[in-house]
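Okay, structure first, notes after.
The values are calculated or read from the model by the stated rules, or taken from the named source; none is laboratory data. Remember, predicted model here, so these are calculated numbers, not experimental data. Because the Cβ atoms are built from the backbone with ideal geometry, glycine has one as well, and the counts that use them run over all protein chains shown.
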Amino acid sequence: MDPMWTREVKLSQRKLDPLGLSRVSQWLTEELLPGITTVTSVARNYSFYTWAISNLLKMNKITGRNQFAQELTKREAAFVIGSILHEASKTDRLNPHGYDKAIRFIKKVNDGKIQVAFNVSESNPEGFYGLYYRTAMFKLGLTIRSRLFDDLAPLGRQLAAAFESNIKDTDYFKYYIQDDEVDKTLLAKYGERVCICRLADPSKERELLRNIMFSNNLQFLKLERSRKESLLLVLSLIKQSSDFGIEFTTDTFGDAIFFGQATNGKSTFNFKFKSFEEIVAHWHLFQLHEYFTFAMESLLHALLNELKKKDEGMSFDDFLSLVCNGGTSVSEALKISSIGTIKETISLLLKDYQLSELNSDASRKFDRLCNLEKEVSEKKLFSALQKAIKSNNLQETVGNAIGILVLNYIRAYHLLNDVDTITLWFTNRALQELSSVSFAQYIRSKTSMWTMNDLIRYCFKIVRDQHNSIALDKLLYGNDTYRFEEKGNSLKFKIDIYPNYPSQRSSKISSVLSILEQLGLIETSGNIKRLTHDGTKILEDWLHERVD
């Protein structure tokens, strides 16, 4: 099973989005997987928090948020400690959220008792409920949020009752919930029932969680079935990947939704998407923006690398003189013989697809046909881009990044004209931010006039101006995120961005895989993920329902 989070993800890491590109990525994944986030990977936490809220409201007269937090975190500490004690002897342990802090209290056992009146989170007064799960549970229809304290919706009460039925016979539940210290042996016995690993056992709690995850979205959300269909899509892709004999990872998911294919390095496999066309089309737009993000952030990385070399800084024009090489690096990346205007460059690329010029129809065909088997694709350019960054090769970094942006523009072109529901869902939001479609919208009228050098200059101007705009905005909230600063006509390096560039925004699929495995719907043998009997039944039942 995928390892659980054992360390908190500090919210200040949002400052690691220096160009604001996560605004679109985050919106997309929130729309497609409401109730699941990158850090809500422990499925049993959803049911535990419903029970904790139900129980504290029954046993205490809650009058304010502080009291709510105090009672909630006490129950959470016992839950975390019980899980740790139950997993202690296992080699393949499932460590819950809050492990690092809870283990310190376990080591401070006093007269056989462990303190539980503490907060396992270092940064949120309501523990990991407030830090990670509060909004997610609200979007699943489990909770009712209010200023004084949160309560449960009817569905949350059902889940709380199911969780309680699994722990009601423990001495901790019967006698010690209100205590600030609890005997270690009692917490260990409690852990046998409350541990996050026990969700593997068939129970009403597990069945309810499955039903919740595979239910339609709440009515106030724009998309009706996006979470349900995304989870079913993942089940379908896992089944097909196991049939191919290949490992299913978040990268496999990205390749599948964007190229319709996956590869094991030797062979390429084609996925079938019958009954999943709409949800795949939504996720395809996420991956389109991902490649745009890879490319733009790589250009920022290239700029910072050059500024690092000069303590006195350098002018923006001096930097551009280093990277504007007549488009040679771009022609090498795109494997075409010569570079003229952007329009001429695109025409050369389209020839390989028997397409004469870029229009909406050609854009759609290119988007469908450019796959992993082509000599030039975003996947191959991205791989080359990573190598160029590791070797600090400025020209290859710029060439491959601009190459990705050219392909991205071809794919996005038709989105500027299409008026179908899915396209409008995406463009209405993405055009408000720096994104693949706002980029395409701006350069569409320039392609017959601009050379590749003009495009390179424009892209770096975006990087510079967007960096300054985002950093200024964040400075108003107390976060200094400037990677470089402008003094007069000079740019000076200030701070590096996080390593391993270009970075990937999380599609939440790693959390999805953890949740599906904990719910007993998928299993892993070696490196190959497969559907369990229950996972197969859920998928087949839904496919039959769609056919009917």
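Please verify whether region 359-368 includes one or more residues that are in contact with a Lys or Arg (Cβ under 9 Å, 6 or more places away or on another chain) and of a type in the set (Ser, Thr, Tyr).
yes
Matching residues to (1) under 20 Å from ASN400 (Cβ atoms); (2) surrounded by fewer than 18 Cβ atoms within 10 Å (Cβ to Cβ); (3) in the same structural domain as SER298 (by TED's automatic domain parsing); (4) of a type in the set (Gly, Ala, Ser):
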site	(1), (2), (3), (4)
ARG444	no, yes, yes, no
LEU455	yes, no, yes, no
CYS459	yes, no, yes, no
VAL463	yes, no, yes, no
SER469	no, yes, yes, yes
LEU472	no, yes, yes, no
ASP480	no, yes, yes, no
PHE484	no, no, yes, no
GLY488	no, yes, yes, yes
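Check region 169-177 and report whether any residue there is surrounded by fewer than 17 Cβ atoms within 10 Å (Cβ to Cβ) and either in contact with a Ser or Thr (Cβ under 7 Å, 6 or more places away or on another chain) or in contact (Cβ under 8 Å) with a residue 40 or more places away in the chain (or both).
Pass one, region 169-177, residues surrounded by fewer than 17 Cβ atoms within 10 Å (Cβ to Cβ): 169, 171, 174-175.
From the residues that got through so far, the ones that are either in contact with a Ser or Thr (Cβ under 7 Å, 6 or more places away or on another chain) or in contact (Cβ under 8 Å) with a residue 40 or more places away in the chain (or both) too are none.
No, region 169-177 contains no residue that is surrounded by fewer than 17 Cβ atoms within 10 Å (Cβ to Cβ) and either in contact with a Ser or Thr (Cβ under 7 Å, 6 or more places away or on another chain) or in contact (Cβ under 8 Å) with a residue 40 or more places away in the chain (or both).
Can you tell me which of (1) modelled with pLDDT under 95; (2) farther than 19 Å from ASP183 by Cα is the one ASP111 doesn't meet?
Checking ASP111 against (1) modelled with pLDDT under 95; (2) farther than 19 Å from ASP183 by Cα, the one that fails is (2).
Could you look through region 490-548, keep only residues that are among the β-branched types (Val, Ile, Thr) and under 30 Å from PHE292 (Cβ atoms), and pick out the one that is modelled with the lowest pLDDT?
Step one: list which residues in region 490-548 are among the β-branched types (Val, Ile, Thr), which gives 495, 497, 509, 512, 515, 522, 524, 528, 532, 536, 538, 547.
Those left that are additionally under 30 Å from PHE292 (Cβ atoms): 495, 497, 509, 512, 515.
Values: ILE495: 83, ILE497: 64, ILE509: 95, VAL512: 97, ILE515: 96.
Among those residues, the one meeting the criterion is ILE497.
Here are some residues: LYS174, LYS139. Which one is of a type in the set (D, E, K, R) and over 34 Å from the mean Cα position of the chain (by Cα)?
Step by step, each of LYS174, LYS139 is checked, and only LYS174 is of a type in the set (D, E, K, R) and over 34 Å from the mean Cα position of the chain (by Cα).
How many of the residues in region 344-361 are hydrophobic (A, V, I, L, M, F, W, C) and free of Cβ contacts under 8 Å to residues at least 24 places away in the same chain? So that I can check it myself, show each step before the final result.
Pass one, region 344-361, residues hydrophobic (A, V, I, L, M, F, W, C): 346, 348-350, 355, 358.
If we keep only those that are free of Cβ contacts under 8 Å to residues at least 24 places away in the same chain as well, we get 348, 355.
The total comes to 2.
Counting only residues that are β-branched (Val, Ile, Thr) and surrounded by fewer than 18 Cβ atoms within 10 Å (Cβ to Cβ), which one in region 515-537 is nearest to VAL42 (Cα to Cα)? Write out each step before concluding.
Here is the first cut: in region 515-537, the ones β-branched (Val, Ile, Thr) are 515, 522, 524, 528, 532, 536.
Subset that is surrounded by fewer than 18 Cβ atoms within 10 Å (Cβ to Cβ): 524, 528, 532, 536.
Numbers: THR524: 17, ILE528: 21, THR532: 19, THR536: 22 Å.
Among those that are β-branched (Val, Ile, Thr) and surrounded by fewer than 18 Cβ atoms within 10 Å (Cβ to Cβ), it is THR524.
Identify all residues within region 261-283 that are closer than 19 Å to ASP420 by Cβ and either in contact with a Phe, Trp or Tyr (Cβ under 6 Å, 6 or more places away or on another chain) or aliphatic (A, V, I, L, M) (or both); write none if there are none.
Across region 261-283, the qualifying residues are ILE279, VAL280, ALA281.
Under 7 Å between Cβ atoms, at least 6 apart or on separate chains: pull out the pairs that start in region 198-223 with a residue that is in a loop (DSSP other than H, G, I, E, B) and end on any residue that is acidic (Asp, Glu).
If the second residue must be acidic (Asp, Glu), the pairs left are ASN216/GLU224; ASN217/GLU224; LYS222/GLU31; LEU223/GLU31.
Go through (1) surrounded by fewer than 16 Cβ atoms within 10 Å (Cβ to Cβ); (2) β-branched (Val, Ile, Thr); (3) within 21 Å of the chain's Cα centre (by Cα) for THR268 and report which single condition fails.
Failing condition for THR268: (3).
Considering only residues of region 337-349 that are under 35 Å from the mean Cα position of the chain (by Cα), of a type outside the set (S, T, N, Q) and buried (at least 19 other Cβ atoms within 10 Å of the Cβ), which is nearest to GLU306 (Cα to Cα)?
ILE342
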